[in-house]
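Working notes, beginning with the structure itself.
The values are calculated or read from the model by the stated rules, or taken from the named source; none is laboratory data. None of these values were measured; they are calculated from a predicted model. Methodologically, a virtual Cβ is constructed for each residue, glycine included, from the backbone with ideal geometry; neighbour enumeration extends over all protein chains shown. Accessible surface is based on the protein model in full, side chains and every heavy atom, while ligands, DNA and RNA are left aside. Shrake-Rupley method; radii C 1.70, N 1.55, O 1.52, S 1.80 Å.
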Amino acid sequence: MAQVALVTGANRSPGIGNEIARGLAQKLPAGSTVILTSRDRAMGLEAEAGLKEEGLNVVFQQLDVCDAASVEALQAFVSTTFGGLDVIVNNAGLAFPMADPTPFPEQARRTVEVNYYGTKRVIESLRPPLRPGFCLVGISSTAGQLGSSWSPALKQRLLAEDLTVAGLDAIAEEFVAAAATGRHKDLGFPGTAYGTSKTLMTQLHRVLARDMPSPCLVTAVCPGLCRTYMATGRGTFMSNVLWLASFVVGNSAAGGADTPLWLCCELPEEDRAEYHGKFVVADRSQLGSGGRFAGGAAASLGGNGGCCFAGAGGPALPHPPSIPPEPLLLPNPSSAADRAMQGSISMQMGASGREPLGSGLQTSASAAAFGAAPGPPLSRTAPK
């Protein structure tokens with residue numbers, strides 16, 4: 001049966017949102033429509049045209065997740081044009097570069113507004129047209145895991161079984177207010193606006209899942225370090241370092257989209273309960289056999305550490321990743337040194353200029369280094 005899917009922040013290429021929109025248009029049943037959104041109208045129309053050239057059924061709709069009127073207009077468009085919605089992937093996000101001169105109080109306010117409140121605004125507005133058995137996926141990050149930078153008191157509040165959306169709002173406002181005075185670390189918050197916003201976003205999906213029972217699926221996903229504009233395409237020194245690191249512990253934009261697509265399109269309905277309300281992390285070291293794991297009771301969205309890194313010894317899911325090869329190109333090479341680095345790496349990686357799969361370091365040992373509790377991964381029945 002044809003479905004209607006929505007992906008926010010889907011304009012950039014290479015980008016995870018753009019790859020998710022492409023994958024949904026390819027994998028959903030015949031006759032399905034994918035709505036891709038972008039804050040920038042020109043970029044959104046360009047993304048729509050590019051995917052349509054591939055023969056994919058996509059529709060662009062402008063969306064600013066920070067603008068209530070824009071979100072309401074999207075809801076009206078979905079309800080009037082399609083009558084309902086089956087899949088929402090909240091990918092729109094904001095991350096300031098490390099060297100950005102914007103004062104931290106402003107970074108904190110804007111990052112929380114986009115990554116937490118923006119996500120919440122979209123979900124609340126689009127909840128009425130959601131059809132039974134819908135899939136709601138939030139693209140989050142292990143940067144939001146509840147490590148040692150969080151005070152025990154704040155961890156307890158965030159992991160409470162009876163945590164509400166209003167309670168999350170209160171914590172968000174406390175962080176923004178504390179950042180405005182420079183006392184956020186003293187009051188038990190991390191020093192990162194992005195990580196804090198992703199903690200709030202991840203816990204939002206846990207809280208919402210409680211009131212949206214299976215067979216619907218509500219989950220947050222960490223795509224890992226990927227070669228996208230946000231992570232590796234800004235042309236800065238650190239951006240290029242992350243680009244290099246992504247070949248060891250990361251993935252392409254298409255690779256980052258693989259697990260969200262699997263959850264939306266291929267996870268059998270009878271297996272959804274295992275992932276509902278969980279934080280799902282793709283294990284890069286097992287991508288060759290499709291390793292994906294959801295946190296268990298002690299390491300789920302609401303568990304110790306807030307996320308689960310599954311080690312190489314855990315059971316891999318028997319789902320081959322649908323990750324196309326990519327040209328081995330340094331993003332925005334801005335200097336002769338960058339271009340020389342690109343040429344050197346291309347030679348070492350092979351004349352084909354294609355990326356190998358199978359290497360990675362997301363193991364239990366690295367989980368300990370991140371301050372996360374590895375915990376046992378959930379087992380899962382193979383797709384039928």
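Taking Cβ atoms as reference points and 13 Å as the exclusive limit, the residues near ALA47 contribute a net charge of -1, counting Lys and Arg as +1 and Asp and Glu as -1.
Net charge in the neighbourhood of ASP162 (other residues with Cβ under 14 Å of its Cβ; Lys, Arg +1, Asp, Glu -1) is +1. Hey, if you drop one equal point scatterer on each alpha-carbon of the range 28-76 and run the Debye formula without solvent, what base-10 log of I(q)/I(0) do you get at q = 0.27, 0.30, 0.31 Å⁻¹? Treating every Cα as an identical point scatterer, log10 I(q)/I(0) equals -0.97, -1.06, -1.09. The range 184-225 and the range 81-108 have Cα centres separated by 13 Å. Kirkwood hydrodynamic radius of the range 49-111, from the reciprocal of the average inverse Cα-Cα distance over all distinct pairs: 14.8 Å. Local charge for GLY188 was computed over the other residues whose Cβ lies under 13 Å away, with Lys and Arg +1 and Asp and Glu -1, and equals +2. Highest average first, the peptides 217-223, 189-195 ordered by how many other beta carbon atoms sit within 10 Å of their residues are 217-223, 189-195. Exceeding 23 Å between C-alpha atoms, which entries from my cross-link table qualify? They are LYS155/LYS198; LYS27/LYS198; LYS120/LYS155; LYS198/LYS278; LYS52/LYS278; LYS52/LYS120. Checking Cα-Cα distances, LYS27/LYS198; LYS52/LYS278; LYS52/LYS120 exceed 23 Å. Taken as Cα centroids, the range 19-69 and the range 133-158 sit 28 Å apart, rounded to the nearest whole angstrom. Here's the picture: charge each Lys and Arg Cβ at +1 and each Asp and Glu Cβ at -1 in the range 53-150, and of GLY144, PHE104, LEU63 the one pushed furthest to the positive end of that dipole is GLY144. Leaving ligands, DNA and RNA out of it, report the carbon-plus-sulfur percent of the accessible area of the range 1-115 at a 1.4 Å probe. Answer for the range 1-115: carbon and sulfur cover 51 percent of the accessible area.
Projecting the alpha carbon convex hull of the range 92-211 along each direction and taking the average yields 7.6 nm². Magnitude of the charge dipole for the range 1-61, about its Cα centre and with charges confined to Cβ atoms of Lys, Arg (+1) and Asp, Glu (-1), is about 140 debye.
For the range 29-138, evaluate the Debye formula with one uniform point scatterer on each Cα (no solvent term) and list log10 I(q)/I(0) at q = 0.10, 0.14 Å⁻¹, rounded to two decimals. Per q value, in the given order, log10 I(q)/I(0) is -0.34, -0.63. When the surface is traced with a 1.4 Å probe over the full set of protein chains, THR181 keeps roughly 90 Å² accessible.
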